[in-house]
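Asks: Mind looking over this structure? Questions follow.
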Amino acid sequence: MNSDLIFYSTVSDVRPSSVHAGAGPEATDTPAIELRGLHKSFGPVHAVDGVDLEIRDGEFFSMLGPSGSGKTTVLRIIAGFESPTAGRVRLAGHDVTDRPPFARDVNTVFQDYALFPHMSVAGNVEYGLRVRKVDRAERRRRVEEALGTVRLAGYGDRRPTQLSGGQRQRVSLARAIINRPKVLLLDEPLGALDLKLRREMQIELKQMQRELGITFVFVTHDQEEALTMSDRIAVFNDGRIEQVATPVELYETPATTFVAGFVGTSNMLEGEAARRILGEPGLFSVRPEKIRIDQPGTTVDAGRCAAEGVVEEIAYLGSTTHAIVALGTGVTLTVQQQNADHVDSALLQRGRAVQLSWPRAHLVRLVATGESHPGDDPTEVESS
Amino acid sequence: MSVAAALHRRPRLRLGLLLAPPMLWLGVAYLAALAALLVTAFWTANSFTGEVERTWSLENFRELFGIGVYKTVTLRTIGIAALVTVVDAAIAFPIALYMAKVASPRAQRLLVVAVLMPLWASYLVKAYAWRGMLAEGGLIDWIGKPFHASSPGFGVTATILTLAYLWLPYMILPVYAGLERLPTSLLEASSDLGAGPATTLRRVVVPMAMPAVVAGAIFTFSLSLGDYIAVTIVGGANQMLGTVVYANVGAAGNLPFAAAVAMVPVVIMLLFLAAVRRTGALESL
Ligand SMILES: Nc1ncnc2c1ncn2[C@@H]1O[C@H](COP(=O)(O)OP(=O)(O)O)[C@@H](O)[C@H]1O
Ligand SMILES: [Mg+2]
């Protein structure tokens, strides 16, 4: 892309007004998980390329990034299934880098559920207690409790093969939380579910996390899922972390071009266009819904930037309308308008001359991502 | 209307024509032979002329169950077949586990070839090789010397060792295929839930590999039940059901009695399969 203004498109709708409740009441100062200088290579592939991260006690933490960005590998290193090529893993302050999975106080919810097919649902759920030699009565009580928590009471005698995908997912959850781990690792746990079930499970998982007070580390490539569920999010790209922030920070003030493009939709202004429109050089992003459309020549308040252009394309999306406005010399901006009473719909016509303006406060200065990955085309990053 | 078009519209007929020759072969060569065997067992051989008399009688079975030595031979044969199966399972399991879950893909392919290789050599050569090794002053004596151990000599133990060697690939391959299908994520899940390697082996790997072990056991058990050569070569004076059959077909010329003896492994195998079926292992073969 040679134009000095780049339009990154991923998912149209994001909901930055998400639940971000902060860490639970019993949170302590020691991070639940601490990763220091983590590297992992598979032959020539650098799956994880220098990750430093602190995950707080009791938080719902998401790892977000396109497929192949190293999220699963980091999760597997925390669980102990992979050992890092370099770097240390600390759980609750203790270095566990050299400990096997069964000696770590974390549990995993696998993407393919990994339920034992030769055991009943109850047999699966009680597995962790059984290997720890918890007595029978206690086991039975806690299996009932765990199955109740995931709303599968009475399913104990079934076989995993007799359950639907969503139900297997819940069994897998029950099997993990019955051990009351300090940390629960979830690798795209909702990936195999259909959209409706997915939405339900998102809400349930979030509630469960709040009630249990367990630290959740949640891997997803779905930015909307990450924004709605998380206290904080780490955005992964090519084995590195681009930014760690709350959903609001991530959306409102993305740190890099990659984050601005991957999380929500962004208009990028750089080089000559930035100088002409904004009066200063650099690399900037502005979200489509921050831009206002007016008649040309409308007076602009102090503290706003403005530019004139022509509406090139209109897309009506029900509650909103998207307009692509050409500012000349190949610069185009995407504008998102609420379809509310006060909006002058006459302006949203193809070929109309309009004036765009947006608050300077919503102009975010970015750091360019990936000088080392010129092949990456951010319009092709994976999203739901 | 062409024949091809007619066949195209009648898939069942097409399937029938396709399967008829092999089914015919299976029916004639396999089931008919078995039926003939069953029928022959109820005839008798004239003890002077040696000719088969086609009159129905239970004489052969009366003799088989009435004379102590046949009971001993039957029990010995079952015991040998069972021990061969146990020995093979015990040796094959770790090898198959290593092949399926530890070895690199390249090493995996090499090991499969290595396991198959002995099958390319003649049965007799292998049996005589064991005779040489087991003989007094043979390889096993020589290896055992520093440990004050000696070869078991020719007998039941030698027969078990030799048969276990001969049938080992038939146990390794199904168990390897079964473990290969076992998802690695199940082993990780077990470890994740706090189980050490031994517990994971006992609670996840072994139960899930059981159908494959049973499949292997069907091979090793039935092949051992019918064997008569290995025991002749390394078994000393011991007889198995196979040798009794062989003696009656050959030297004694009593085909009906041989048929009656040959029914014993068939019945044992049917009982074995019925027992296995009840464990549910056959469904996953
Ligand atoms: N066991 C492995 N062997 C070889 N390469 C691997 C292995 N696991 C992951 N990789 C590679 O490491 C990179 C990161 O993978 P992964 O952590 O699974 O990414 P994500 O979970 O973000 O999709 C990918 O390029 C992947 O192909
Ligand atoms: Mg992954």
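The values are calculated or read from the model by the stated rules, or taken from the named source; none is laboratory data. These figures come from a predicted structure and were not determined experimentally. Counting neighbours? That spans all protein chains shown, and the Cβs are built from the backbone with ideal geometry, glycine included. When the accessible area is computed, the model is the full protein with side chains, heavy atoms only, and any ligands, DNA or RNA have been set aside. Shrake-Rupley method; radii C 1.70, N 1.55, O 1.52, S 1.80 Å.
Asks: Treating only the Cβ atoms of Lys and Arg (+1) and Asp and Glu (-1) as charged, compute the dipole magnitude of chain A about its Cα centre; round to the nearest 20 debye.
Replies: Working: 43 positive and 51 negative charges, 342 e Å.
Roughly 1640 debye for chain A.
Asks: So, one more: For chain B, what is the charge dipole size about the Cα centre, in debye to the nearest 20, if Lys and Arg each add +1 at the Cβ and Asp and Glu each add -1 at the Cβ?
Replies: Details: 19 positive and 12 negative charges, 179 e Å.
Computed about the Cα centre, the dipole is about 860 debye.
Asks: Report the full-extension gain for the segment B:S57 to B:L139: residue separation times 0.36 nm, less the Cα-Cα distance, to one decimal in nm. Could the numbers behind the result be given before it?
Replies: On the way: separation 82, 0.36 × 82 = 29.52 nm, distance 5.07 nm.
Length difference between fully extended and current span is 24.4 nm.
Asks: Which residues make up the longest stretch of chain B clear of GluC sites (Glu not before Pro) that lie in a DSSP loop with no more than 16 other Cβ atoms within 10 Å, not counting the sites? Let's see the in-between values first.
Replies: Values: sites that count: B:E51, B:E136.
Answer - B:137-285.
Asks: So, one more: Just report the Cα centroid separation between the range B:146-223 and the range B:227-241, whole Å.
Replies: Centre-to-centre distance over Cα atoms comes out at 26 Å.
Asks: A further question on this structure: For the protein assembly as shown, what does -39500 (n - 2.57) per DSSP helix run (n ≥ 4), summed and divided by total residues, give at 222 nm, in deg cm²/dmol to the nearest 500?
Replies: The helix contribution divided over the protein assembly as shown gives -13000 deg cm²/dmol.
Asks: Assuming R0 = 51 Å, can you tell me the calculated FRET efficiency for the pair B:R106 and B:V86, based on Cβ-Cβ distance, to the nearest 0.05?
Replies: Approximately 0.95, to the nearest 0.05.
Asks: OK, next. Please state the relative contact order of chain B as a whole percent: Cα pairs under 8 Å, 6+ residues apart?
Replies: Computed value for chain B: 25 percent relative contact order.
Asks: Run down the aspartates and glutamates and flag those whose C-alpha is under 16 Å from the C-alpha of B:K101, throwing out any fewer than 8 positions away in its chain.
Replies: Cα-Cα hits under 16 Å: A:E82, B:E180, B:E188.
Asks: Between B:D141, B:D227, B:D192, where does the largest GNM mean-square fluctuation fall for chain B, given springs only between Cα atoms within less than 10 Å?
Replies: B:D192
Asks: Right, here's the next one. In the P(r) worked out for chain A, what percent of Cα pairs fall beyond 34 Å?
Replies: Tail fraction, whole percent: 37.
Asks: Taking R0 as 41 Å, what's the FRET efficiency between A:H39 and A:L195 from their Cβ-Cβ distance, rounded to 0.05?
Replies: After rounding to 0.05, the efficiency reads 0.65.
Asks: Separate question: Residues with beta-carbon under 12 Å from that of A:G166, excluding A:G166: net charge, scoring Lys, Arg +1 and Asp, Glu -1?
Replies: +3
Asks: Among residues other than B:I268 whose Cβ falls under 14 Å from its Cβ, what is the net charge (Lys/Arg +1, Asp/Glu -1)?
Replies: Cβ neighbours under 14 Å give a net charge of +1.
Asks: With no solvent and one point per C-alpha, what does the Debye sum give as log10 I(q)/I(0) for the range B:72-132 at q = 0.15, 0.18, 0.24, 0.26 Å⁻¹?
Replies: -0.68, -0.87, -1.04, -1.05
Asks: Turning to a different aspect of this structure: Under 23 Å Cα-Cα from A:K206, which lysines qualify once same-chain neighbours fewer than 8 residues away are excluded?
Replies: Filter leaves A:K71, A:K182, A:K196.
Asks: Here's another thing I want to ask about it. How many Cβ atoms of partner chains, on average, are near each residue of A:112-122 if near means within 10 Å of its Cβ?
Replies: That works out to 4 on average.
Asks: For A:78-89, what's the mean count of beta carbons from other chains sitting within 10 Å of each residue's beta carbon?
Replies: Numbers: counts 0, 3, 3, 6, 0, 0, 0, 0, 0, 0, 0, 0.
Averaged over the peptide's residues, the number is 1.
Asks: Percent of Cα-Cα pairs per 10 Å bin, from 0 to the last occupied bin, for the protein assembly as shown, please list those.
Replies: Percent of Cα pairs in each bin: 3, 11, 16, 15, 14, 13, 11, 7, 5, 3, 2, 0, 0.
Asks: Under 10 Å, Cα contacts only: if you run a Gaussian network model on chain A, which one of A:E280, A:E138, A:E82 comes out with the highest mean-square fluctuation?
Replies: Highest fluctuation of the listed residues: A:E138.
Asks: Tell me the relative contact order for the range A:40-137 as a rounded percent, counting alpha carbon contacts under 8 Å between residues six or more apart. Mind dumping the intermediate values first?
Replies: Values: 57 pairs, mean separation 17.1, N = 98.
Worked out over the range A:40-137, it gives 17 percent.
Asks: Order the peptides B:157-166, B:240-249, A:160-169, B:93-102 from the highest to the lowest mean number of other Cβ atoms within 10 Å of their residues. Mind showing how you got there, number by number?
Replies: Details: B:157-166: 23.6, B:240-249: 21.1, A:160-169: 16.1, B:93-102: 17.8.
So the peptides B:157-166, B:240-249, A:160-169, B:93-102, ranked by packing, come out B:157-166, B:240-249, B:93-102, A:160-169.
Asks: How much net charge surrounds B:F42 when only the other residues with a Cβ under 15 Å from the Cβ of B:F42 are counted, with Lys and Arg +1 and Asp and Glu -1? Mind dumping the intermediate values first?
Replies: Values: positive: B:R54, B:R62; negative: B:E53, B:E59, B:E63.
For residues surrounding B:F42, the net value is -1.
Asks: How would you order A:90-100, A:293-303, B:257-267 from highest to lowest mean count of nearby Cβ atoms within 10 Å?
Replies: Order by mean packing, descending: B:257-267, A:90-100, A:293-303.
Asks: Next question. Provide the descending list of Cα extents for the range A:285-363 along its principal axes, expressed in whole angstroms.
Replies: Reported extents, whole Å, longest axis first: 31, 27, 23.
Asks: Just name one of A:G68, A:V143, A:T85: the one whose Cα is farthest towards the positive end of the charge dipole of the range A:3-252 (beta-carbon charges, Lys/Arg +1, Asp/Glu -1).
Replies: Sorting the options by dipole projection puts first A:V143.
Asks: Return the average number of partner chain Cβ atoms within 10 angstrom of each residue Cβ along peptide B:198-210.
Replies: 2
Asks: Using a 10 Å cut-off on Cβ atoms, rank the peptides A:243-255, B:25-37 from the highest mean neighbour count down.
Replies: Working: A:243-255: 20.1, B:25-37: 11.0.
Ranked by mean Cβ neighbours within 10 Å, highest first: A:243-255, B:25-37.
Asks: In nm, to one decimal, how far is the modelled label at A:H46 from the one at A:T161, with both set 7 Å along Cα→Cβ?
Replies: With each label placed 7 Å out from Cα toward Cβ, I get 4.6 nm.
Asks: With each pseudo-label sitting 7 Å past Cα toward Cβ, what's the B:L124-A:A368 distance in nm, one decimal?
Replies: Once both label points are built, they end up 8.1 nm from each other.
Asks: Also, I was wondering about something else. By how many degrees, between 0 and 90 and to the nearest 10, does the Cα long axis of helix A:165-177 differ from the longest principal axis of chain A?
Replies: 60
Asks: Continuing with this model, one more query. Picking from B:M117, B:V213, B:I160, whose Cα lies most toward the positive end of the charge dipole for the range B:78-230 (charges on Cβ: Lys, Arg +1; Asp, Glu -1)?
Replies: About the Cα centre, the residue reaching furthest to the positive side is B:M117.
Asks: Subtracting the Cα-Cα distance from 0.36 nm times the residue separation, let me have the gained length for A:S120 to A:R151 in nm, one decimal.
Replies: Fully extending the segment from A:S120 to A:R151 adds 9.5 nm.
Asks: Now a separate question. Taking B:K145 as the anchor, which aspartates and glutamates have their alpha carbon closer than 13 Å to its alpha carbon, excluding any fewer than eight residues away along the same chain?
Replies: Those aspartates and glutamates meeting the cut-off are B:E136.
Asks: How much of the accessible area of the protein assembly as shown, probe 1.4 Å, is carbon plus sulfur, in whole percent? Working shown, then result.
Replies: Values: 19540 of 32940 Å².
Answer for the protein assembly as shown is 59 percent, counting heavy atoms of protein chains only.
Asks: Continuing with the same structure: State which helices in chain B qualify, where a helix is a whole DSSP H run, it must extend 18 Å or more along its own axis by its Cα atoms, and its mean Kyte-Doolittle hydropathy must be at least 1.0.
Replies: Span-like helices, by this rule, are B:68-97, B:156-181, B:206-226, B:255-279.
Asks: Work out the length of the dipole vector of the range A:285-363 about its Cα centre, built from +1 on the beta-carbon of each Lys and Arg and -1 on the beta-carbon of each Asp and Glu, and round it to the nearest 20 debye.
Replies: 200
Asks: State, as an integer percentage, the relative contact order of the range A:252-336 based on alpha-carbon contacts under 8 Å between residues 6 or more apart.
Replies: 22
Asks: For a test of the definition: using alpha carbon positions, the gyration tensor, and the 1.5 limit on a/c, classify chain B as rounded, prolate or oblate. Write out the running numbers ahead of the final one.
Replies: Values: a/c = 2.03, a/b = 1.13, b/c = 1.79.
Because a/c hits 1.5 or more and a/b fails to exceed b/c, chain B counts as oblate.
Asks: Could you tell me the distance between the Cα centroids of the range A:273-338 and the range A:70-114, to the nearest Å?
Replies: About 46 Å separates the Cα centre of the range A:273-338 from the one of the range A:70-114.
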